[in-house]
Amino acid sequence: MEQRIIHACGHEQAHHLTGFESQQERKAKWLKTTTCRDCFVAEKRAEEVAAATSSSAAVSHLVLPPLTGTDRQISWASTIRIKRLAALTNPNNDADCCACLQVTDAKWWIDYRDLTDADLVAAATKASGIQNVTAVTASITDMPRTA
Ligand SMILES: [Zn+2]
C-alpha cells in the first residue's frame, strides 16, 4: 500500500509500505520521524563535504607530493590520501604520515584504501623502503667506476 508521509523535514514523500497493518503503522510512524530521501541525500553530501574540508585542514601542514596515474586514479586517490593522512597526522610525530607521503602511486592508495591505519603505514613503509633501495641501487650503478 502506498502512503504519503510527511517527514520531519516537512517534505512529503510516497512510501510503499508492506506487511501487516500494524507493521505498516509502525513503519509510517517511524518514517514521520525521519527526513525525506532528498534531505537525507543532501545531508550525507554536506557531511562528506564537511569531512573533506576538515581533512584538508588537518593535513594542510604536510607537503603532498603529486600523485602519478591516470586522471581518474589521481582524483580518487587524492581524496583517499587526504582522508587517510588526516587520520594519521600527529602534531608530535608525523613519521607515519611521512612514510605514506613517500608513496605517490595513485593505484597504491586506491588498492590499499581499506587497510587499517597500522596496516597502511606498514604497507607504505614497505613500499617506500623498496623505492629507496631501487634509488640507492640506481645511484650506485650510475656512479663512475674508478679503478
Ligand atoms: Zn525533506
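Read-outs throughout are calculated quantities, based only on the coordinates presented, and are distinct from any laboratory measurement. Worth saying up front: this structure is predicted, and the values here are computed from it rather than measured. With ideal geometry, Cβ positions are generated from the backbone for all residues, glycine too; neighbour counts draw on all protein chains shown.
Using a ≥ b ≥ c from the Cα gyration tensor of the chain (square roots of the eigenvalues), is it rounded, prolate or oblate, where a/c under 1.5 gives rounded and otherwise the larger of a/b and b/c decides, a/b for prolate? The shape class here is prolate.
For the chain, the longest principal axis of the Cα atoms and the long axis of helix 117-142 meet at an angle of about 30 degrees. Each residue of the range 6-20 was assigned a 3J(HN,Hα) from its phi angle through the Karplus expression (A = 6.51, B = -1.76, C = 1.60, θ = phi - 60°), giving 8, 7, 4, 7, x, 8, 9, 9, 7, 10, 9, 9, 10, x, 5 Hz with x at Gly and Pro. Among the chymotrypsin sites (Phe, Trp or Tyr not before Pro) in the range 1-85, which ones are in a DSSP loop with at most 14 other Cβ atoms within 10 Å of the Cβ? Mind listing them? Taking the range 1-85 and a limit of 14 other Cβ atoms within 10 Å, the loop chymotrypsin sites (Phe, Trp or Tyr not before Pro) found are Phe20. Close amide H pairs (under 5 Å, H built 1.01 Å from N) link Thr68 with Asp105, Ala106, residues at least 5 positions away or on another chain. Along the range 81-96 the Karplus relation, 6.51 cos²θ - 1.76 cosθ + 1.60 evaluated at θ = phi - 60°, assigns HN-Hα couplings of 4, 4, 5, 5, 5, 4, 6, 8, 4, 9, x, 8, 7, 9, 4, 4 Hz to successive residues, with x for each Gly and Pro.
Neighbour counting of Cβ atoms within 10 Å sorts the residues His11, His16, His61, fewest neighbours leading, into His16, His61, His11.
Karplus-based coupling profile of the range 97-104, in residue order and whole Hz: 5, 4, 4, 5, 5, 5, 8, 10, with θ = phi - 60° in 6.51 cos²θ - 1.76 cosθ + 1.60 and x standing for Gly or Pro.
Fewest neighbouring Cβ atoms within 10 Å first, the residues Val121, Val49, Val103 line up as Val49, Val121, Val103.
Mind counting lysine pairs for me in the chain? Cα separation below 26 Å, and the two need to be 8 or more apart along the chain or on different chains. Here the count comes out as 7. Close amide H pairs (under 5 Å, H built 1.01 Å from N) link His15 with Gln3, Arg4, Ile5, residues at least 5 positions away or on another chain.
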